[in-house]
Amino acid sequence: MSSPHTTSPEVFAQPLRAQFEAFLDEHRAALTACLDGLTEEQARRSLVPSRTTLLGLVKHATFVEKVWFDEAISCRSRDEIGIPATPDESFILDDADTIADVQRAHREACAAARRATAALDLDDLVHGNRRGPLPLRWVYLHVLRELAQHGGHADILREQILAQ
């Protein structure tokens, strides 16, 4: 499902929920697109002391989607979901991780997130987060902040990789 660009007048007239979802989808698409046109080596290239790579950022974004839209909503454990225990571990790349696989996993996690939230209202509480019950509105804002932050990281890393 594609949303109109967030600067589109058609988004301005939408209810708040639709506006949140348009922003989320725009940032989701931009982050996964940071891998487009890169080689596998470029996507894995480490330019900073942390585990942050372009491929790792998209893999981490998949983790974020599953933490906030599976764990927080379903109350299933990270072990049950099959995701790392900590955010830092979610950046670790396996030898088998490819651009196509990581992008596919991210798209699938985003689609699952949309399904998980479809029946919820912004003020509905989710109960599976360690912070305790949180309204879906807070979850949307938190995930949007994560995506925007990591999208900025991705822009800088991609610019550096393409300049080399």
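The values are calculated or read from the model by the stated rules, or taken from the named source; none is laboratory data. Please read these numbers as outputs of a predicted model, since none were measured by experiment. Here Cβ is always computed from backbone atoms with ideal geometry, including for glycine, and neighbour counts include all displayed protein chains. Accessible surface areas use protein heavy atoms only, side chains included; no ligands, DNA or RNA. Shrake-Rupley method; radii C 1.70, N 1.55, O 1.52, S 1.80 Å.
Based on this model, can you work out whether ARG44 counts as open to solvent by 30 Å² or more (accessible area, probe 1.4 Å), in contact with a Gly (Cβ under 9 Å, 6 or more places away or on another chain) and among the basic types (Lys, Arg)? So that I can check it myself, show each step before the final result.
Working: open to solvent by 30 Å² or more (accessible area, probe 1.4 Å): yes; in contact with a Gly (Cβ under 9 Å, 6 or more places away or on another chain): yes; among the basic types (Lys, Arg): yes.
Here the answer is yes, as ARG44 does meet what is asked.
Please state which one of ALA109, ALA18 is within 18 Å of HIS150 (Cα to Cα), within 18 Å of the chain's Cα centre (by Cα), open to solvent by less than 70 Å² (accessible area, probe 1.4 Å) and of a type outside the set (Phe, Trp, Tyr). Break it down stepwise before answering.
Numbers: ALA18 fails: within 18 Å of HIS150 (Cα to Cα).
The unique qualifying residue is ALA109.
One residue alone among LEU93, LEU122 is without any contact (Cβ under 8 Å) to a residue 60 or more places away in the chain, surrounded by fewer than 18 Cβ atoms within 10 Å (Cβ to Cβ) and touching a helix residue (DSSP H, G or I) at 6+ places or on another chain (Cβ under 7 Å), and that residue is LEU93. Counting only helices (runs of 4 or more DSSP H) that fall entirely inside the range 16-131 and contain at least 3 residues that are farther than 26 Å from GLN164 by Cβ and not acidic (Asp, Glu), the qualifying elements are 16-33, 54-66, 99-117.
Restricting attention to the range 147-162, which residues are open to solvent by 40 Å² or more (accessible area, probe 1.4 Å) and not small (Gly, Ala, Ser)?
If we filter the range 147-162 for residues that are open to solvent by 40 Å² or more (accessible area, probe 1.4 Å), which is where we start, we get 148-149, 153, 155-156, 158-160, 162.
Correct list: GLN149, HIS153, ASP155, ILE156, ARG158, GLU159, GLN160, LEU162.
THR39 meets all of the listed conditions (1) open to solvent by 30 Å² or more (accessible area, probe 1.4 Å); (2) β-branched (Val, Ile, Thr); (3) more than 30 Å from LEU125 (Cα to Cα); (4) in contact (Cβ under 8 Å) with a residue 12 or more places away in the chain but one, namely (4).
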